[in-house]
Amino acid sequence: MDYSILEPLIRESRNQCNEGKVASYIPELSKVSGDLLGITVHEVGKDPVTAGECMPKFTLQSISKVFALLLALIDRGEQQVFEKVGMEPTGDMYNSLMKLEIVTPGKPFNPMINAGAITVTSFIEGDNVNERFERILSFIQKLSGDDSIYYNEKVYHSENHTAHRNRALAHLLKDNGILEGDVEEHLEVYFKQCAIETSCTNLARMGMILANGGKDPETSEQLIPKRYVQIAKTFMITCGMYNASGEFAIEAGIPAKSGVSGGILAVAPNMGIGVIGPALDRKGNSIAGIRLLTRLSEEWDLTIF
Ligand code: GLN
C-alpha cells in the first residue's frame, strides 16, 4: 500500500471538521478539540503506520459493542444471544426507544444500537460486576496486545450521572422480559466498557485481528472463532454506523464501527484501521473520519463488494 497518501488525505478530510460537533450529552466528552484527525493502518504481517494527529487515548464508546458481542458469543453461543437480540438494522438513531415499544416481543433489533448492546453486555459471564467488566477489559487488552489499557473513570462517571435515556432503554428491556437480573449492574458494566480508553494503534491492531479471521498472526493463536468474527463484521457493515450504515457501505464498502468519542474501527481486507476525529455529524459518526475512510477506500480500492 502507498502510505504517502495518508497525510494528504487527512489534510483534505480535516476540512469537514468544522461542519461537525464534539459530543456533549456525556459532558466529559465535550472537553476535546473538534479539529483533530488521525489514523493508524495495520496490515496483517506488517508494522502499523500512523498519520495525522491521533489523540493519545480516547474512549471506545460504541466501538466497545463489537467486542462485547464477540465475548458474549464466546460465553453463551449464538442461540442464546440471538434469542434476545435481533439481526436487523433499525434506520433509527443509536439511542432510540421507538422500536422497543412498537415491535413485539420488544426485543432490540441488533447488537450495535444501545438497547442491543446493553442486552449483549448482560450476557457477559462473571460472578459480579467487577469480574464481568474485567473480562471485557482483558479481552480488549489481549486483542490489542496492550495490557496497559484501562477505563477512564471521569468519562464513566460523567455518563453514569447523565444516562437518563440509556436507563429508560434498560428498564424498558427489563419490563419486556429481555433483560434479566439487576438493571443497574448491567448499566455499570456497559458504561465502563464504553469508557475503556484506547489509541488509534490499539484499534488498528484489533481490526487487524478481525481482518485475519480472529487469529493473531504473531502467535498463530485463534483468539476468536472465525464464525463469530464473520458475525461481528456483518453487523459492522449493516449496523455499525447506525442509520448511516447503508450510505457508508456504498461509499466506503468496509465493515466499520463508530463511537461518539469520534473513534472508528474499520476492518478492510487484510488490514485493520483505527481513526479518531471527535467532531461528529448529526447521526453521531465522526464527520471527518467518514470522509477519510471513504477517500482511503477509493484510493486503495478497499471495498469488499
Ligand atoms: N456510551 C454511549 C451511549 O451509550 C455510546 C454511544 C455511541 O458511541 N454512539 O450513549
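Things worth noting here:
- Pairs where the first residue, in the range 253-267, is farther than 18 Å from residue 14 by Cα and the second is open to solvent by 10 Å² or more (accessible area, probe 1.4 Å) and more than 9 Å from the ligand (Cβ to nearest atom), C-beta under 6 Å, 6+ apart: 253/303; 253/304; 253/305; 255/233; 255/237; 267/211; 267/233
- Check on residue 167, of a type in the set (Lys, Arg) and more than 15 Å from residue 71 (Cβ to Cβ): yes
- Residues satisfying the stated conditions in the range 9-35, i.e. crowded, with 22+ Cβ neighbours inside 10 Å, within 18 Å of residue 259 (Cα to Cα) and more than 16 Å from the ligand (Cβ to nearest atom): 17
- Residue that is open to solvent by 60 Å² or more (accessible area, probe 1.4 Å), more than 22 Å from residue 293 (Cβ to Cβ) and touching a helix residue (DSSP H, G or I) at 6+ places or on another chain (Cβ under 6 Å), where the choices are 101, 125, 88: 125
Each row is one residue, and each column tells you yes or no for (1) among the aromatic types (Phe, Trp, Tyr); (2) farther than 20 Å from residue 186 by Cα; (3) not in a helix (DSSP H, G or I).
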position	(1), (2), (3)
29	no, yes, no
83	no, no, no
89	no, yes, yes
115	no, no, no
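- Per the listing 68, 72, 51, the residue uniquely more than 19 Å from the chain's Cα centre (by Cα) and either surrounded by fewer than 23 Cβ atoms within 10 Å (Cβ to Cβ) or in a helix (DSSP H, G or I) (or both) is 51.
- Contact annotation: residue pairs with Cβ atoms under 7 Å, 6 or more positions apart or on different chains, pairing a residue in the range 141-161 that is without any contact (Cβ under 8 Å) to a residue 24 or more places away in the chain with a partner that is open to solvent by less than 40 Å² (accessible area, probe 1.4 Å) and outside any helix (DSSP H, G or I), are 141/149.
- Taking the range 118-158 as the range and being more than 15 Å from the ligand (Cβ to nearest atom) and not in a helix (DSSP H, G or I) as the test, the residues that pass are 123, 124, 125, 126, 127, 128, 145, 146, 147, 148, 149, 150.
Residue-wise test of (1) modelled with pLDDT of 95 or more; (2) of a type in the set (Gly, Ala, Ser); (3) over 20 Å from residue 266 (Cβ atoms).
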site: 59; (1), (2), (3): yes, no, no
site: 85; (1), (2), (3): yes, no, yes
site: 88; (1), (2), (3): no, no, yes
site: 93; (1), (2), (3): no, no, yes
site: 110; (1), (2), (3): yes, no, no
site: 126; (1), (2), (3): yes, yes, yes
site: 134; (1), (2), (3): yes, no, yes
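- Residues that are out of contact with any Leu (no Cβ under 9 Å at 6 or more places or on another chain) and more than 14 Å from the ligand (Cβ to nearest atom) within the range 226-249 comprise 226, 230, 234, 237, 238, 246, 247, 249, listed in sequence order.
- In the range 159-201, the residues that are within 13 Å of the ligand (Cβ to nearest atom), surrounded by 20 or more Cβ atoms within 10 Å (Cβ to Cβ) and assigned to a helix (DSSP H, G or I): 159, 166, 169, 170, 186, 187, 189, 190, 191, 192, 193, 194
The values are calculated or read from the model by the stated rules, or taken from the named source; none is laboratory data. Small disclaimer: the values here were computed from a predicted structure and weren't measured. Note that each Cβ is placed from the backbone with ideal geometry, even for glycine, and that neighbours are counted across all protein chains shown. Ligands, DNA and RNA are stripped out before the accessible areas are found, and what is left, the full protein with its side chains, is counted by its heavy atoms. Shrake-Rupley method; radii C 1.70, N 1.55, O 1.52, S 1.80 Å.
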